[in-house]
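Participant: First, the structure itself, so that you have it in front of you.
Read-outs throughout are calculated quantities, based only on the coordinates presented, and are distinct from any laboratory measurement. All figures in this text were calculated on a predicted structure; none of them were measured in a lab. For neighbour counting, all protein chains shown are included, and Cβ atoms are generated from backbone atoms with ideal geometry for every residue, glycine included.
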Amino acid sequence: MEMTFRWFGETDPVSLANIRQIPGVTGIVSALYDAPVGEAWSRDGLDRLAQRVDDAGLRLSVIESVPVHEDIKLGRPTRDRLIENYIDSVREIGDAGIRVLCYNFMPVFDWTRTDLALRLEDGSTALAYDDDELKRIDLSKGTGDLPGWGAAYDARTLAALLDAYRAVNEERLWENLAYFLDAVVPVAESVGVRMAIHPDDPPWQIFGLPRIIANAAALERLVKIVDSPANGITFCTGSLGADPANDLPAMARRFSTAGRINFVHARNVKVTGPHQFHETPHPGKFGDVDMRKVLGALRDGGFDGPMRPDHGRMIWGEKGRPGYGLYDRALGATYLQGLWEGLGGGGGND
Ligand code: DNO
């Protein structure tokens, strides 16, 4: 297992020098954040990013993410050209020596919360989600009202996009995912890149949009689309754990044994009602994710890839990118390594 940490590039308030001082963290998870969605990534940009990480004494281990253009998810005729561009990026990533690529197939909205600073009992703040509050969000003004989304889509673009998705039900989205994977995975495999789909977060429909990567049956279906280790999963305990019906240790065991868990996001959540949860500190006892059982299952299944502490709370007065401050994620990284070490000896990168 390699302990990694997400870094959002030069604009991230958390520096590589900070990350370098977290015990045991050796890998960086990052992306070319200024690359326009749908265009092929430049080798030059990737090399510069890798060099920057290298100079800080770390290694660029994972790309998270190369976003999938909405036209691919919608199955529009333009998708072939966009998939070609995606494939070009995958080739560059492989040539640059990066082995894991995390992506998602969520229509329009990536991870979604209704509160970015829910105050917990200890005075820290955490990300939270409540379906009733989501229903109160008015999308007719674009994504402006949505916590964490800034002005990603203006009102008109968003309305057109939501309208286009009316023709895409879950089955159609699966078909479009299969079309994408059939084209991309063989190339990924040939250049030594393992794709790792991120589960839907939260793992249920939001705003009436189809969401398909939500449970064990979906992951089972996913890995069968292309039977290759390059067609794998980002096992995100927080996303999958928001649905109490998901048996995380069983899923971790099943898919790590099958060699299909290519990346782990370790995060804890507390489910507070139907389709309602908030994030918590990483250790198992604070939430509903039995982290010891999950990591034990991953270890038993032979997982040896990158893992990162996912979202942290804001503690000690830190101000930063929601979910991605330094302090609580650093505590998470040390907790996860301690747990891993206790589960099998060795510790750290073994
Ligand atoms: C949220 C992240 C996601 C993830 C994408 C992968 O904090 O886990 O935004 O990066 O879904 O494509």
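Participant: So TRP316 fits all but one of (1) farther than 22 Å from PHE255 by Cα; (2) within 16 Å of the ligand (Cβ to nearest atom); what number is the exception?
Facilitator: For TRP316, the exception is condition (2).
Participant: Turning to a different aspect of this structure: Mind checking which residues of region 55-77 are more than 16 Å from the ligand (Cβ to nearest atom), within 23 Å of the chain's Cα centre (by Cα) and part of a helix (DSSP H, G or I)? Steps first, answer last, please.
Facilitator: Kept after step one, since they are more than 16 Å from the ligand (Cβ to nearest atom), are these residues of region 55-77: 55-59, 71, 74-77.
Filter once more, so that each one left must be within 23 Å of the chain's Cα centre (by Cα): 58-59, 71, 74-75.
Once the filter is applied, which keeps residues that are more than 16 Å from the ligand (Cβ to nearest atom), within 23 Å of the chain's Cα centre (by Cα) and part of a helix (DSSP H, G or I), region 55-77 yields ASP71, LEU74.
Participant: Give region 94-110 a look and list any residue that's within 13 Å of the ligand (Cβ to nearest atom) and either surrounded by 18 or more Cβ atoms within 10 Å (Cβ to Cβ) or at positive phi (or both), or say none. If you could, list the steps in order and put the result at the bottom.
Facilitator: The initial filter retains those residues of region 94-110 that are within 13 Å of the ligand (Cβ to nearest atom), namely 100-110.
Passing the criteria: VAL100, LEU101, CYS102, TYR103, ASN104, PHE105, MET106, PRO107, VAL108, PHE109.
Participant: For the subset of region 295-313 comprising residues that are out of contact with any helix residue (DSSP H, G or I) (no Cβ under 8 Å at 6 or more places or on another chain) and more than 15 Å from the ligand (Cβ to nearest atom), which member is farthest from TRP111 (Cα to Cα)?
Facilitator: Selected residue: ASP304.
Participant: Just to be sure, is ASP154 loosely packed, with under 15 Cβ neighbours inside 10 Å and charged (D, E, K, R)? Spell out the reasoning first.
Facilitator: On the way: loosely packed, with under 15 Cβ neighbours inside 10 Å: yes; charged (D, E, K, R): yes.
Taking the combined requirement at face value, the residue satisfies it.
Participant: With the structure loaded, tell me whether ASP122 is away from the ligand (no atom under 14 Å from the Cβ), part of a helix (DSSP H, G or I) and more than 25 Å from PHE235 (Cα to Cα) or whether it fails that test. Break it down into steps so the answer makes sense when it comes.
Facilitator: Values: away from the ligand (no atom under 14 Å from the Cβ): yes; part of a helix (DSSP H, G or I): no; more than 25 Å from PHE235 (Cα to Cα): yes.
Criteria not met by ASP122.
Participant: Pick from LEU32, LEU58: which is touching a residue at least 40 places away in the same chain (Cβ under 8 Å) and hydrophobic (A, V, I, L, M, F, W, C)? Break it down stepwise before answering.
Facilitator: Values: LEU32 fails: touching a residue at least 40 places away in the same chain (Cβ under 8 Å).
Just one listed residue meets the conditions, LEU58.
Participant: Look through region 51-93, keep the residues that are hydroxyl-bearing (Ser, Thr, Tyr) and within 18 Å of ASN104 (Cβ to Cβ), and return whichever of them is surrounded by the most Cβ atoms within 10 Å (Cβ to Cβ). It would help to see each step written out before you state the result.
Facilitator: Taking region 51-93 as the starting set, the residues that turn out to be hydroxyl-bearing (Ser, Thr, Tyr) are 61, 65, 78, 86, 89.
Subsequent filtering for residues that are within 18 Å of ASN104 (Cβ to Cβ) retains 65, 86, 89.
Numbers: SER65: 17, TYR86: 27, SER89: 22.
By that ranking, first place goes to TYR86.
Participant: If you don't mind, another one. Among the residues in region 127-148, are any more than 23 Å from ALA214 (Cβ to Cβ) and in contact with a strand residue (DSSP E or B) (Cβ under 9 Å, 6 or more places away or on another chain)?
Facilitator: For region 127-148, residues more than 23 Å from ALA214 (Cβ to Cβ) and in contact with a strand residue (DSSP E or B) (Cβ under 9 Å, 6 or more places away or on another chain): absent.
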